[in-house]
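Beneath this line is the structure, given in structure tokens, with notes to follow.
The values are calculated or read from the model by the stated rules, or taken from the named source; none is laboratory data. Everything numeric in this text was worked out from a predicted model, so none of it was measured. Note that we place each Cβ from the backbone using ideal geometry, even for glycine, and neighbour counts take in every protein chain shown. Keep in mind that these areas ignore ligands, DNA and RNA; they rest on the heavy atoms of the full protein, side chains included. Shrake-Rupley method; radii C 1.70, N 1.55, O 1.52, S 1.80 Å.
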Amino acid sequence: MSDSTTGLPVVLDVWCDLTCPDCRTALDDVRALRERYGDRLEVRLRHFPLEKNKHSYAAAQAAEEAFAQGSGRAYYETLLTRVEELREQGEPFLLTAARALGLDAEEFDTALIDGRHILTVDADQAEGKAIGVTGTPTYVIGGERLDGGQSQDGLRARIEEIADSLLKG
């Protein structure tokens, strides 16, 4: 996902499937990390749509359209906090979420049809596979990969430990 700011000293990549309940749980940790570190930590949410989740690929493309329209973070947080609705309703929910945020839902629909964000989603997924991501959420910070798909227990503390170490230089 295109949630990044350049020039920050510490980067945390979060490989995510926007239809994944575990990723919803991870959202609380991501918010806490953003609050703790502010602009000293760059959190980049990366797409890793899982084949087993029917609407995850479309959700990743829709999130990219939300970034293009200037509301990426609000959009993906909406999707993650309403995973069940997205799983039940599919693509119509992607448009409903866009409208609720005041985004151009017609442009979302067009983006999903014309596939303008497919390359971005595919690139994220390919990079994730290349570094060994197999499930979501997976975190990468300071070259260390942390798998949150089995359990989130202790991951935020480990991320903070690594971030603190990197920030001390």
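Structure notes:
- To the nearest ten degrees, helix 91-100 and the longest principal axis of the Cα atoms of the chain are 80 degrees apart.
- Where Glu161, Glu35, Glu65 fall by accessible area, highest first, once all protein chains stay in place (1.4 Å): Glu35, Glu161, Glu65
- Working note: Karplus 6.51/-1.76/1.60 with θ = phi - 60° gives the range 60-65 the couplings 5, 5, 5, 4, 5, 5 Hz, where Gly and Pro are set to x.
- Extension gain, Thr134 back to Asp153 (0.36 nm per residue minus Cα-Cα distance, nm): 5.0 nm
- Long-range amide H partners of Ser71 with built H, under 5 Å: none
- The range 6-99: relative contact order as a whole-number percent, Cα under 8 Å and 6+ apart: 34 percent
- For the peptides 14-21, 71-78, residues were scored by their other Cβ atoms within 10 Å and the scores averaged per peptide; the highest-first order is 14-21, 71-78.
- Taking all protein chains together and rolling a 1.4 Å probe, Glu64 ends up with roughly 10 Å² accessible.
- Based on Cα contacts under 8 Å between residues 6+ apart, the chain shows a relative contact order of 31 percent.
- Peptides 100-110, 133-143 ranked from most to least packed, by the mean per-residue count of other Cβ atoms within 10 Å: 133-143, 100-110.
- Accessible surface of Leu86 - all protein chains present, 1.4 Å probe, nearest 10 Å²: 0 Å²
- Sequence-distant lysines (8 or more away, or on other chains) whose Cα lies within less than 25 Å of Lys129: Lys52, Lys54
- Taking the DSSP bridge list for the chain and keeping only pairs wholly inside it, about 55 percent are antiparallel.
- What the range 22-140 shows is 46 Å² of accessible area per residue, with the surface traced by a 1.4 Å probe over protein heavy atoms.
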